[in-house]
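Below you'll find the structure, written out as structure tokens, and then a few comments.
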Amino acid sequence: MKLIEKNAVVRWVKRTLAHVALVLACGGVLSAVPVLSVSSENTFDRIQAGEWVVASMYWEDKLVSTGKSFNPIGWHAAHKTLPIGTLIRVSNPKNHRSINVTINDRGPFVANRDLDLSLGAGTLLGLQGLGTVYMEVLSIPPIKNMRRPVVESLFAVNDVNANCAGVSAC
């Protein structure tokens, strides 16, 4: 009887070790397989290093710099120097929320402020009035109809932003 019990224990140990080895092998294989990101948040490459900026919110009923009416619940922002149409990611370090917003206006026109977020964008980030946020530039739109001096246009062969009207070298 003792021999039968001993053989049963040995079989059970072998079977258990085989299962453990199978699980470890599957885990090793699965850890090497690249997984596509579920979130679209990381699909953009950052084209400029991020920076800490002071942001505020605005919601006035007005026209923005693009000539369109302002949408207070949209995901838009105003910046002093970034081109209109630039996509940025804004992150709030206090609650770890981040969203992508588009620059569609100029401003803020108050000292010591760098970014004006629409009411919708600021609310999603959890801002209350002023706040320090982390801003990363994700994409800058191409420059359209940029006028260059004729001398500069001579050297702008194959440049999509060159405006070479009347210049045969382009």
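Scanning region 116-137 for residues that are surrounded by fewer than 21 Cβ atoms within 10 Å (Cβ to Cβ) and of a type in the set (V, I, T) gives T123, T132, V137. The strands (runs of 3 or more DSSP E) falling completely within region 69-110 that include 1 or more residues that are of a type in the set (A, V, I, L, M, F, W, C) and under 13 Å from V53 (Cα atoms) map to 76-79, 87-92. Within region 108-153, the set of residues being at pLDDT below 90, under 23 Å from I47 (Cβ atoms) and among the small types (G, A, S) comprises S139 only.
The values are calculated or read from the model by the stated rules, or taken from the named source; none is laboratory data. Just so it is clear, the model here is predicted, and its values are computed rather than measured. So basically every Cβ, Gly included, is an ideal-geometry build from the backbone, and we count neighbours across all protein chains shown.
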